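Here's the structure, in structure tokens; my notes come after.
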Amino acid sequence: MATQEQSVFDVEWFDPIMAGRIAVPIGVLVAWELLSIWLGSALLPGPEDTLAVIQQGIGAGWIVGNLQNTMITLAVGFLISVAGGLALGMVLGFVQSAFDVFEIYVLSTYSVPKIVLYPIFLFIFQLGMDTKIAFGAAHGLFPMLIITMGAIREIDEIYKKVARSLQMGRWQLFRHIVFPFILVQLVVALRLAFSLTFLGVILAELFASKSGLGLILQHAMANFNTGRIMAVVTILMVIAIIGNLFFYAAQRVLERRWNMTANTGGI
Amino acid sequence: MTLLEIEDVSKTYNANQPNSVEAIRDISLDIDEGEFISIVGPTGCGKSTLMEIVAGLIEPTAGEIRIGGDLVTGPREDIGVVFQEDSTFPWRTSMENVEFGLEMRGQDKQPRRERCQEIIDLVGLAGFEDAYPNELSGGMRQRVAIGRTLALNPAIMLMDEPFGALDEQTRLILGEELLRICRETNQTTMFITHSLTEAVHLSDRVLVMSARPGVIKDLVDVDIPRPRGADVVTTDEFTDITDRLWESLREEAQRGLEQSIPER
């Protein structure tokens, strides 16, 4: 038999990092369950109670429509924040004078808690989807803008020299040097833009809106309907986690392949 | 036959301003087709300035550059540049990096691949075609950069301390390979270096530049027969030439040090 002592973990199929990653959500579920037992399920419904509320909600119809509403708002807001952030980020990244004038304002505006501006959004867009979309987009725009701007400004001088010595045109420079150079950081920007647009949309729904999961959550909180609170919170967390994992995976693939590390430009 | 003519070239940065810097003054030099010429000089003597002027990347304040009689007014297809810094693209494999210039010039994929495979073999990257730069050593990455320039089949290859960031052994090996490549392809080359040994080992002629403003201090023929293996560095002829170069350079190096303004 084996003369050497072997740890039970010392086998080929066992990946300790992967095991740890799987253990964390299981641990969270267990902690949730224990906390629910301790506080009582009336105060904090446990995982299985929450699942039951979600099933009931799907049957009763208050989940699907509002979920759809929130997701469409999120999707449109996200697209606007990405397009706007990319466009503005490129202008500020490429045009030195624009950068010199606007950088400080962009960074300052980013640090303002945008919820204080929500009334202004309501005046402009009225109560409805438009306000939520605009408010979500206003959140997501900033990481996209700031990271795009920073990434473009970080392009190595040496690549610009190579481009000049090869007489590359502007479009070639963009397509073959600028774009691949900033791509890894753009994926990080997409992830942050997604998270912040989501934050903006839910904030808008919680604060004043006519539809969406945030509104349901706000009603549930007002009525102290703990089952619904936990149901909505669970659904929102799942959306956030799935969205994040998707962009994070894309980032890791690019980073590994090119050994380029994403630098998020101070965000 | 003269291929490259450098005629009375001077360059002053920020001319007519209080912070003006005269980088080089009245440099004249003819380089023959197939010739390998090295430029040595103290830090800040304007070697890189001269190279960038020849490459058409910056304009001289006075004087002109001609290639085959043609006035150089900007970057050109027949001038290839290899820089000191790592200029490989991390998002492209070795092969894709070598193909880059031809791709930008719109050459079709099929002939481009064939041409670049030859170049890959020539610069000793066979077997690493699909490797990304992060999987290669610094020396291998510089082979990729050299390959990218050679693929364009430039009339003149300008190299700005291409091995400057590499360790001594790698430098020697790459130097020998560069020598072989330039012989095989009869490549006209202008090579900037800090290393006298490297300059003498590789070159037909070595140009010594003075401290700023850089003028031609000395121009030395290296008539050591080729092929020159690495063992050539121990011969008397070799030592005589490096000694003479060091004589010209010593005083300039001291002055350059005193100016101690980083080379632009």
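The values are calculated or read from the model by the stated rules, or taken from the named source; none is laboratory data. Since we're looking at a predicted model, the values are computed, not measured. Glycine gets a Cβ as well: all are built from the backbone with ideal geometry, and neighbour counts include every protein chain shown. To get the accessible areas, we keep the full protein, side chains included, count just its heavy atoms, and leave off ligands, DNA and RNA. Shrake-Rupley method; radii C 1.70, N 1.55, O 1.52, S 1.80 Å.
At a glance:
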| read-out | value |
| --- | --- |
| Checking residue B:229 against (1) at pLDDT 90 or above; (2) small (Gly, Ala, Ser); (3) surrounded by fewer than 18 Cβ atoms within 10 Å (Cβ to Cβ), the condition it does not meet | (1) |
| Some residue of the stretch A:170-179 being closer than 29 Å to residue A:240 by Cβ, out of contact with any Leu (no Cβ under 6 Å at 6 or more places or on another chain) and either within 14 Å of another protein chain (Cβ to nearest Cβ) or not polar (S, T, N, Q) (or both) | yes |
| Number of the condition not met by residue A:126 [criteria: (1) surrounded by 14 or more Cβ atoms within 10 Å (Cβ to Cβ); (2) under 21 Å from residue A:70 (Cβ atoms); (3) more than 24 Å from the chain's Cα centre (by Cα)] | (1) |
| Count of the stretch B:98-126 residues which are over 15 Å from residue A:168 (Cα atoms), in contact with a helix residue (DSSP H, G or I) (Cβ under 9 Å, 6 or more places away or on another chain) and not charged (D, E, K, R) | 11 |
| Within the stretch B:62-111, tally of residues that are within 11 Å of residue A:166 (Cα to Cα) and crowded, with 16+ Cβ neighbours inside 10 Å | 10 |
| Complete set of residues in the stretch B:164-195 that are open to solvent by 20 Å² or more (accessible area, probe 1.4 Å) and over 15 Å from residue B:142 (Cα atoms) | B:180, B:183, B:184, B:185, B:186, B:194, B:195 |
| Condition check for residue A:246: closer than 23 Å to residue A:153 by Cα and modelled with pLDDT of 90 or more | no |
| Hits in the stretch B:86-117 - residues which are more than 12 Å from every other protein chain (Cβ to nearest Cβ), outside any loop (DSSP other than H, G, I, E, B) and of a type in the set (S, T, N, Q) | B:94, B:110, B:117 |
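To keep it simple, each residue is scored yes or no on (1) open to solvent by 30 Å² or more (accessible area, probe 1.4 Å); (2) assigned to a helix (DSSP H, G or I); (3) of a type outside the set (A, V, I, L, M, F, W, C).
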| position | (1), (2), (3) |
| --- | --- |
| B:119 | no, yes, no |
| B:128 | yes, no, no |
| B:134 | yes, yes, yes |
| B:142 | no, yes, yes |
| B:149 | no, yes, yes |
| B:153 | yes, no, yes |
| B:159 | no, no, no |
| B:162 | no, no, yes |
